[in-house]
1. Using a Gaussian network for the chain with springs between C-alpha atoms less than 10 Å apart, which of these wobbles most: R45, R225, R325?
2. Have a look at E332, E62, E300 and tell me which one the Gaussian network model of the chain (Cα, springs below 10 Å) gives the largest fluctuation.
3. Using a 1.4 Å probe over the heavy atoms of the protein chains, calculate the carbon and sulfur portion of the accessible area of segment 172-222 as a whole percent.
4. What is the magnitude of the charge dipole of segment 230-293 about its Cα centre, with +1 placed on the Cβ of each Lys and Arg, -1 on the Cβ of each Asp and Glu, and no other charges, expressed in debye to the nearest 20?
5. Using +1 at the Cβ of each Lys and Arg and -1 at the Cβ of each Asp and Glu in the chain, identify which of P73, S238, P208 lies farthest towards the dipole's positive end.
6. Provide W89, W301 ordered by accessible surface of protein heavy atoms (probe 1.4 Å), highest first.
7. Which whole-number percent of Cα pairs in segment 190-347 have a distance greater than 25 Å?
8. Taking the Cα centre of the chain as origin, work out the dipole magnitude from +1 charges on Lys and Arg Cβ and -1 charges on Asp and Glu Cβ, in debye rounded to 20.
Amino acid sequence: MNRGTGEGLESRLDPSLIDPSRDVMYLEPAFHAALNVHGKYETMRFVLSLSPRNHELIDGIENGVYDLGTISPDALQAYSTYLHETVHWWQHVGSTSGLMLSLSYLAQSHSSLAFLRDALKTFGPIKPLKRWADETLIAQGPSAQPMLADANVAINNALDVEYYKQYAMAPQITARRLFDQQHFECVGHCYHIAVGQLLGMIGHEIDPEFSFIPDGKAWEDDFRRLTRSRHEGFYHGSPLRVPPVGLHAIYEGQARFIQLQFLDGTQRSQITTETWREEGYLFGIYVEAFDRFLELSGSEWPSDVRGPLVGIFLLICDLAINPTRGFPLEIEYFEDFIADVDVGVRFTLLCQSLRELPHLRA
């Protein structure tokens, strides 16, 4: 169906129904009904939730093919929120970065369980374990280290993966705070431990011989070599080269533009990106990655959310969130491990490549 170019939203979509402040992607588990948000995806439970209002609106749409204008604007917006959260679901079950992020919570538990059991036998149920171990070390000095060995392994395993999650999700926000943390080793170490724990858990359950996934234990000598040689990113106190965006911004940017492409297709006239911005659909975390994409690739704001420039942005998001080194493939060159697996770095390099290949924008 041919459409003209419109200056405004013909059906007067209500931005409050997909207000970004009410669209949340949880990093930690959340065990409550979606009563105060329009939609959310809970990372650790692989659960997509919608508000009762959006459920009601979507339930009112029967299966079938509809002409433009036959479904109410409210129902279309409710469906667009469902689509947005479905993209988050796909990002977590259908991309390597999302699967690693989601399973990291289980990997933390799997890798530390034996050490926690030993610590429990020795010291009894102590909580929080980290504070107790730190206070014991301060009180008794280095002589307490052998006694605290099991507790420290469990603590460090959990912290390394927690630092990975925080840095991968929002490096610009968390880099300085992590750098100042006593237990933060370096970015390379956090990614190494996170990938290694994931492989250990998967291998234990479905591939104990490591016949089709890498054996992370085989990498130890190479990572020690990088630490000894003080290769940037792989030793304590190493400078941090922080990418301009992280997983959170890339995930949200991809989901929002797909959502707007759907909404744009429901309008009788094409809606300009400027109108979408004026109506409150493009700001903050939802446009952060796209702004960096334009800056890094040397591109100008497009006029159409369904144009080729948005298409190449969505492709770059797809490529960025699907690293393969470490999981599910072997690491070929350890010096490039961070650039190979960090989604923000991958996104940056891909955007810079577009600047060098401007013909791909058309």
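The values are calculated or read from the model by the stated rules, or taken from the named source; none is laboratory data. In this text the structure is predicted, and so the values were computed from the model without any measurement. Glycine also receives a Cβ, built like all others from the backbone with ideal geometry; neighbour counts cover every protein chain displayed. The protein model used for the area step is the full one, side chains on, heavy atoms only, and it has no ligands, DNA or RNA in it. Shrake-Rupley method; radii C 1.70, N 1.55, O 1.52, S 1.80 Å.
1. R225
2. Among E332, E62, E300, the largest GNM mean-square fluctuation belongs to E62.
3. Within segment 172-222, the accessible surface is 51 percent carbon and sulfur.
4. Value, rounded to 20: 260 debye.
5. After comparing all options, I get S238.
6. Correct descending sequence by accessible area is W89, W301.
7. When all Cα pairs of segment 190-347 are counted, 46 percent exceed 25 Å.
8. Here the size comes out at about 700 debye.
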